[in-house]
Ligand code: 13P
């Protein structure tokens, strides 16, 4: 558990209007900047809203991230966004989100290339891993998640550890309201840490942060952020409601204040 929690707000493909995006970021700003020594907040809006939101966040402790990036720096890759383009505006990028794996056909190899490219361009990375419900039901969580971690970090080294975060997001818990049992989350996060240690060494692995994601809200966040080995949460739907996200930040700050 790191000395301060990381709360990452993945807005996904929301809100549709620039004005609503600006209202949302302004709505979460007071709580997100209130206790920076206890909670680090990073916001991941859709690409078109990054520049406007970067202006709002300038000079605050809140960090900005993109929800994806490509692995090349420039060239004939229609529709793609390079990590070199992002680094002027963002400190963070998400790679390997299960929605990209499911809807865009992202493979472990693509996730590994994106993760390495983002790290090489001075961005911090939240790499997402998680099992499908059929894996969970078949007791295959450890095998699936370990495989994703090993494949996704194939091009990473110990030097990347301080800028590397792994988010454990069981796919069946995302957007379902069916958040994972904290015991299951804990065991899987412990296994993720062990796997990272095998890949880059135990010392470096201690610097890698591990988050839980999947139907996190103000009522259940405490159960995750108080888990040993949990460094915070990746929040989807609940981060689109300024009041709810404010409560998530406040609850997390209260847990970390008592550590
Ligand atoms: P929900 O919080 O909406 O379940 O989404 C989680 C997620 O996918 C964050 O990346």
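Things to note:
- Every residue from the range 222-237 that is part of a helix (DSSP H, G or I) and over 15 Å from the mean Cα position of the chain (by Cα): 222, 223
- Number of the exception - residue 155 against (1) more than 16 Å from the ligand (Cβ to nearest atom); (2) part of a loop (DSSP other than H, G, I, E, B); (3) at pLDDT 95 or above; (4) touching a helix residue (DSSP H, G or I) at 6+ places or on another chain (Cβ under 9 Å): (3)
- Residue check for residue 219: within 15 Å of the ligand (Cβ to nearest atom), part of a loop (DSSP other than H, G, I, E, B) and either modelled with pLDDT of 95 or more or within 18 Å of the chain's Cα centre (by Cα) (or both): yes
- Conditions (1) over 14 Å from the mean Cα position of the chain (by Cα); (2) within 15 Å of the ligand (Cβ to nearest atom); (3) crowded, with 22+ Cβ neighbours inside 10 Å; (4) touching a residue at least 60 places away in the same chain (Cβ under 8 Å): number failed by residue 192: (2)
Per-residue answers, yes or no, for (1) under 19 Å from the mean Cα position of the chain (by Cα); (2) within 24 Å of residue 144 (Cβ to Cβ):
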{"position": "20", "(1), (2)": "no, no"}
{"position": "25", "(1), (2)": "yes, no"}
{"position": "47", "(1), (2)": "yes, no"}
{"position": "59", "(1), (2)": "no, no"}
{"position": "104", "(1), (2)": "yes, yes"}
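- One residue alone among 252, 246 is within 30 Å of residue 195 (Cβ to Cβ), touching a helix residue (DSSP H, G or I) at 6+ places or on another chain (Cβ under 6 Å) and touching a residue at least 60 places away in the same chain (Cβ under 8 Å), and that residue is 252.
- Test for residue 30: is it under 30 Å from residue 257 (Cα atoms), more than 18 Å from the chain's Cα centre (by Cα) and modelled with pLDDT of 95 or more: yes
- Residue in the range 165-182 that is touching a strand residue (DSSP E or B) at 6+ places or on another chain (Cβ under 6 Å), more than 10 Å from the ligand (Cβ to nearest atom) and either at pLDDT below 95 or farther than 25 Å from residue 27 by Cβ (or both) present: yes
- For the range 237-259, the tally of residues that are crowded, with 24+ Cβ neighbours inside 10 Å and within 14 Å of the ligand (Cβ to nearest atom) stands at 3.
- Tallying residues that are surrounded by fewer than 22 Cβ atoms within 10 Å (Cβ to Cβ) and closer than 12 Å to residue 130 by Cβ within the range 177-187 yields 1.
- Residues being farther than 27 Å from residue 57 by Cα and touching a helix residue (DSSP H, G or I) at 6+ places or on another chain (Cβ under 6 Å) - total across the range 87-118: 5
- Within the range 133-146, being away from the ligand (no atom under 16 Å from the Cβ) and either surrounded by 15 or more Cβ atoms within 10 Å (Cβ to Cβ) or closer than 21 Å to residue 65 by Cβ (or both) holds for 135, 141, 142, 144, 146.
The values are calculated or read from the model by the stated rules, or taken from the named source; none is laboratory data. Given the structure is predicted, the values throughout are model-derived calculations rather than measurements. Heads up, the Cβs are rebuilt from the backbone with ideal geometry, glycines too, and the neighbour counts pull from every protein chain shown.
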